[in-house]
1. To the nearest Å, what is the center-to-center distance of segment 242-270 and segment 210-225, using C-alpha atoms only?
2. Hey, for a label at L160 modelled as a point 7 Å past Cα toward Cβ, could you say which residues of segment 204-222 have their backbone N under 11 Å away?
3. List the aspartates and glutamates whose alpha-carbon lies under 13 Å from that of K5, not counting same-chain residues fewer than 8 positions away?
4. So for each of 19-28, 161-170, 237-246 I average, over its residues, the number of other beta carbons within 10 Å; can you give me the resulting order with the highest mean first?
5. In deg cm²/dmol and to the nearest 500, what is the mean residue ellipticity at 222 nm of the chain if only DSSP H runs of at least 4 residues count, each as -39500 (n - 2.57), divided by the residue total?
6. What is the sum of charges, Lys and Arg at +1 and Asp and Glu at -1, for the other residues whose Cβ falls under 10 Å from the Cβ of V139?
7. With a 1.4 Å probe and every protein chain kept in, tell me what percent of the accessible surface of the chain is carbon plus sulfur.
8. What FRET efficiency comes out for K198 versus H31 if R0 is 41 angstrom and r is the Cβ-Cβ distance? Round to the nearest 0.05.
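The values are calculated or read from the model by the stated rules, or taken from the named source; none is laboratory data. Here the structure is a predicted model, which is why all the values come from computation and not from measurement. Positions of Cβ are backbone-derived with ideal geometry, glycine not excepted, and every protein chain shown enters the neighbour counts. In case anyone asks, the SASA skips ligands and DNA or RNA and just uses the protein heavy atoms, side chains included. Shrake-Rupley method; radii C 1.70, N 1.55, O 1.52, S 1.80 Å.
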Amino acid sequence: MKILKRIIDFYIQSSIHVALSVYALVRMTDHMFHVPVDKPMAYFAFFGTIVGYNFVKYDSLVRAKKLQLRRSLRAIIFFSVFSFFAVGFYFFQLQRITQIISVAFLALTLLYTLPFFPNRKNARNWAGVKIYIVALCWVGVTLVLPILDAEISITSDFYLKCVQRFVLVFVLILIFEIIDLANDDPHLKTVPQQIGVKRTKILGLLLLIPFYFLEFLKTDFDQKQLIVNLILVIVLSLFLLFVNEKRSKYYTSFWVESVPIFWWLLLLAV
């Protein structure tokens, strides 16, 4: 059991799990816009997520020497370096416009992590901003970049899906913020800190209503997607209802982050 736990912990801590969620959302975008499977884009998003998330999680700790280079951390660093070269390999297989926009999202990630402005903390510590930056990055990487790379025409469906994807990620982050409430700096002004846990849950549940009904506004109406989205809304509602500050870290870092993967696999199964 200890070996299995170590494997699962490495899988989560090395950001492979969250990268699979991003990969799943890229594949969802391919399905929604009838894009042939764009492997370079999907792999670029997968490995880029590993590099980006590990940089955000471990950069400040390593620079501040608050985290000893344990064997597991050395393995994560080695895997991140491998992922960095993989990102470079797939980056040069993307369209030029995709490369340019991806650099913009890289800059946003760096802004989120590093203190660029004098006497100011990084964007991750700006009051009330974190949730919007993360949601925006997820929309960009999982929807905007794949559409640009596939050279799909920008229609009203694209904007509807951007709003829908933003709402989905926003609700997922709300669940994380509830669990992190006890440990988050009060100056972060996360949603639960500002309006309380109960109202945060209500907000998340209310946001799932437009998330679902936006599907009806698409010009390319997909009845199968409606069924899949309804199941997803039910699952997300349950996660919201049962989340609290005392839940295990696996509640979010494994189960909640599995939601995009579940959404994609559900679509394949229906």
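1. So the two Cα centres are separated by 22 Å.
2. Under 11 Å, as judged by backbone N against the label point of L160, lie 213-222 of segment 204-222.
3. List returned: none.
4. Numbers: 19-28: 23.4, 161-170: 20.1, 237-246: 14.3.
Output ranking for 19-28, 161-170, 237-246: 19-28, 161-170, 237-246.
5. -22500 deg cm²/dmol
6. On the way: positive: K161, R165; negative: none.
Charge balance near V139 sits at +2.
7. Values: 9980 of 14500 Å².
In the chain, the share of accessible area belonging to carbon and sulfur is 69 percent.
8. Values: r = 36 Å, r/R0 = 0.88.
Rounded to the nearest 0.05, the efficiency is 0.70.
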